[in-house]
Amino acid sequence: MSSQLIEIFLFVDPLGKRCNNARKIISKFKTERPERIKVRVIPMVNFSKVYRHTRRQSVSLDSSIVDQNNQFSNNTYQACLAFHASAMQGKKMAHKFLEVLQEQVVEEGLPYTDELMYSIVKNIGLDVEMFTEDYESELTEKIYKKNLNIAAEMKVKSTPSCIIFKDDDEEEAIRLNKEIEKEILHSLCGIDNSLKPKADDDEVSKESKLEKNVLKLK
């Protein structure tokens with residue numbers, strides 16, 4: 001394994017389908033790289049996504065779009081706090097919590113509730129009492145707000161998005177918006193050895209995606 005380091009900040013809506021796909025892609029990407037890969041997941045409420053979701057789901061006569069927006073954004077916010085509370089018991093536990101949460105909500109279609117949240121907490125082996133204390137604490141809210149500041153500093157406005165730092169170079173980074181694809185990640189990081197050869201038109205398509213999706217930060 002290379003001694004070089006790639007650090008990825010992954011900004012996700014914990015209840016979002018595209019964010020679930022992005023998480024899986026980056027997990028797979030990690031296994032295909034020779035460098036050390038450090039992934040920092042930052043959950044956040046994407047209000048434009050909340051509005052689009054509730055517009056699609058607004059079929060009830062008993063609930064206005066505003067009410068549904070509020071409910072969905074609150075669920076997302078509580079899921080963000082739950083992620084940070086699980087992280088108090090270790091980064092791996094937080095990543096496991098997010099993985100199982102997305103499997104059940106995004107892939108299986110279960111509604112997000114406190115009961116579901118605590119079911120996941122118990123099933124992945126978190127200390128429930130400690131989790132509850134952290135979940136309800138002001139510290140967890142402060143951590144969430146601090147991470148929103150990080151998103152603002154990195155000019156992240158949508159989810160999923162990722163910021164890539166290579167070789168501990170904090171002066172320059174690459175922000176990947178919209179579609180996060182494994183082939184694009186490999187191209188950005190300089191190695192395509194694990195990828196199958198592409199036809200010329202595929203290469204043009206990949207370059208086009210890179211040009212549209214990648215923004216450099218300095």
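I want to check the label-to-label distance for VAL100 and ILE150. Put each point 7 Å from Cα in the C-beta direction and report it in nm to one decimal.
That separation, rounded to one decimal, is 2.3 nm.
What length, rounded to one decimal in nm, is gained on full extension from LYS216 through to GLU129, with 0.36 nm per residue of separation minus their alpha-carbon distance?
27.0 nm
After finding the eigenvalues of the alpha carbon gyration tensor for region 65-125, what semi-axes result from the square roots of 5 times each, listed largest first in whole Å?
Numbers: eigenvalues 89, 33, 16 Å².
After scaling each eigenvalue by five and taking roots: 21, 13, 9 Å.
Determine the alpha carbon to alpha carbon distance for each of LYS38/LYS96; LYS142/LYS216; LYS92/LYS157 and list only those over 20 Å.
Going by Cα-Cα distance, LYS142/LYS216; LYS92/LYS157 fall outside the 20 Å limit.
No lab work stands behind these numbers, since they all come straight from the coordinates. Since the model is a prediction, treat every value here as computed from it, not as a measurement. Please note: Cβ atoms are built from the backbone with ideal geometry, for glycine as well, and neighbour counts cover all protein chains shown.
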